[in-house]
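Below: the structure, in structure tokens.
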Amino acid sequence: MPPVRRAMGEGRAIALRTRLLVAMLGPLLGVAVLLGIAGAALIADVVRRTNDRVLGGALGAIAETVQVERGEVTLDLPPAAFGMLENSERDNVYYRIAVGGDLLTGYADLPAPAPDALVVDQPHFRFADYRGQRIRIAEVRRALPAIDRPVVVQVAETLDNRSALTRRLLIALFGGEVALVGIAILVLRPALGWSLRPLARLRGAVAARDGPAAPDLSPIDAGPLPLELRPLAAAFDRLLARLDVATAATRRFTADASHQMRTPLSVLKVQIELARRGSREALDEIATAVARLERLLIQLLALARAEEAGVAPPLERVDLREVAVRVISRRIGEAIEAGVELQLDAPDTAVPVTGHRTLLVEILGNLVDNGIRYNRAGGTVTVAIDTADGGATMLSVRDDGPGIAAADRERVFERFVRLGDTHGPDGSGLGLAVVRSAAARIGATVALEDAAPGLIVRLRF
């Protein structure tokens, strides 16, 4: 079996399984990144709020001990307030209590707030740098009776515990996301294999048709298919049906040609043998047989073109009058030889119709040829173009011959059907079959009518 030519771009194509995996994991990774960013921001906020609550509790416990005794500000630092701030990271704790600009107790160099930055009895939190470390400060302003200066209480701690807690939570978050993506990858691959199993069945059903035997063009049986694969299978079945029609037409053409050519070839062989023996009449018979064989081949090829399966012929605007003049000009010699007059009954202006020029020439050529062949001596063949009711364009060919009985008018459109010697000289029985097939390809209809005497063939566009 010859090697199959590789389709364009096949080497660069990405496997469907990989495409689906990337299509599913891509959004999953994107969501994981977004959740990681949102989770990190949420963790930072929760850690800050939680630790600020503890820091604020220590601030409140110290601020409550600030009192006024005998006109002086006093305080009693509770050990529990600093105990609240103890943690495993051993963060440094600083404090400062100031009356106005005077330090009452604590660390004098602890960054002080702006004079108007604090609201009375409302704790305020901020970050600052102190002794080479980043710290979190909780501070509150108090107004004491008989004291005209504000009292500012500050408690601060380093951020080691906050950073360690944030780091542990982030590790847990990102570890969970990595585990989730990893599990998704492990689960998606077999899931994709299961999902693509109907496609594998379809591929197997198509591959089973490949073999040395005659091609099987029957519809594919791949079992129940998902909704997404049904249009593909239906399109493939339609393609097989069209191929079946095309191959059937080829087989029919071959069978018809071999059957119909057998008789003239046999006559040729006999007449050639007689000619070798000196019979001059055999030469005339040979010429007749060759002409008959030539006409048969022309008709067979015309029928093959008219019945060509596949893409419909490109339709265009064709001047029907110009086609009629062209066909009559070609057939005028045959008409004179047969003693038949050819006439054209058509408007003086162009008559445009939607069709295919080659097929129209083939149709009208066969009708005029039949009108000449099956006519009487001194008869007339009239090609007429007019407009029917409803605006449809009509092309008709009328002759003065014996006509066709109503019972036989459908049968004469079949291939190789001839009605007997009374209807004319030698013929192949393909003319009207070519006409109907070609007319169907350009969207026209053909009908036979009695002309009394003769026959009218009407083509309606």
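The values are calculated or read from the model by the stated rules, or taken from the named source; none is laboratory data. All values derive from a computational prediction rather than experimental measurement. Glycine gets a Cβ as well: all are built from the backbone with ideal geometry, and neighbour counts include every protein chain shown. Side chains included, ligands, DNA and RNA excluded: accessible areas come from the protein's heavy atoms. Shrake-Rupley method; radii C 1.70, N 1.55, O 1.52, S 1.80 Å.
Here is how the numbers come out for the structure above:
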| item | result |
| --- | --- |
| Cross-chain or 6+ apart pairs with Cβ under 7 Å, the range 330-349 first and closer than 12 Å to D399 by Cα and surrounded by 12 or more Cβ atoms within 10 Å (Cβ to Cβ), then among the polar types (S, T, N, Q) and at pLDDT below 90 | V340/N375 |
| Residue in the range 370-380 that is β-branched (V, I, T) and over 45 Å from the mean Cα position of the chain (by Cα) present | yes |
| Enumeration of residues in the range 52-72 that are in contact with a Leu (Cβ under 8 Å, 6 or more places away or on another chain) and either open to solvent by less than 30 Å² (accessible area, probe 1.4 Å) or over 14 Å from P123 (Cβ atoms) (or both) | L55, A58, I62, T65, V66, Q67, V68 |
| Conditions (1) within 24 Å of V47 (Cα to Cα); (2) polar (S, T, N, Q); (3) part of a strand (DSSP E or B): number failed by S163 | (3) |
| Condition check for V381: over 20 Å from A447 (Cα atoms) and open to solvent by less than 60 Å² (accessible area, probe 1.4 Å) | no |
| Residue list for the range 117-168, filter: within 18 Å of T105 (Cβ to Cβ) and charged (D, E, K, R) | E139, R141, R142, R149, E157 |
| Within the range 317-359, considering residues that are in a helix (DSSP H, G or I) and among the polar types (S, T, N, Q), the one nearest to the chain's Cα centre (by Cα) | T358 |
| Cβ pairs under 7 Å, 6+ apart, first in the range 173-202 and assigned to a helix (DSSP H, G or I), second surrounded by 12 or more Cβ atoms within 10 Å (Cβ to Cβ) and among the basic types (K, R) | L192/R17 |
| Test result for A222, out of contact with any Cys (no Cβ under 8 Å at 6 or more places or on another chain), farther than 30 Å from H124 by Cβ, of a type outside the set (K, R) and at pLDDT below 70 | yes |
| 3 or more residues touching a residue at least 24 places away in the same chain (Cβ under 8 Å): qualifying strands (runs of 3 or more DSSP E) within the range 28-116 | 93-99, 102-106 |
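Rundown of residues vs (1) in contact with a Leu (Cβ under 6 Å, 6 or more places away or on another chain); (2) among the aliphatic types (A, V, I, L, M); (3) buried (at least 16 other Cβ atoms within 10 Å of the Cβ), yes/no style:
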| residue | (1), (2), (3) |
| --- | --- |
| E139 | no, no, yes |
| R162 | no, no, yes |
| F174 | no, no, no |
| V178 | no, yes, no |
| I185 | no, yes, no |
| A200 | no, yes, no |
| R209 | no, no, no |
| F236 | no, no, yes |
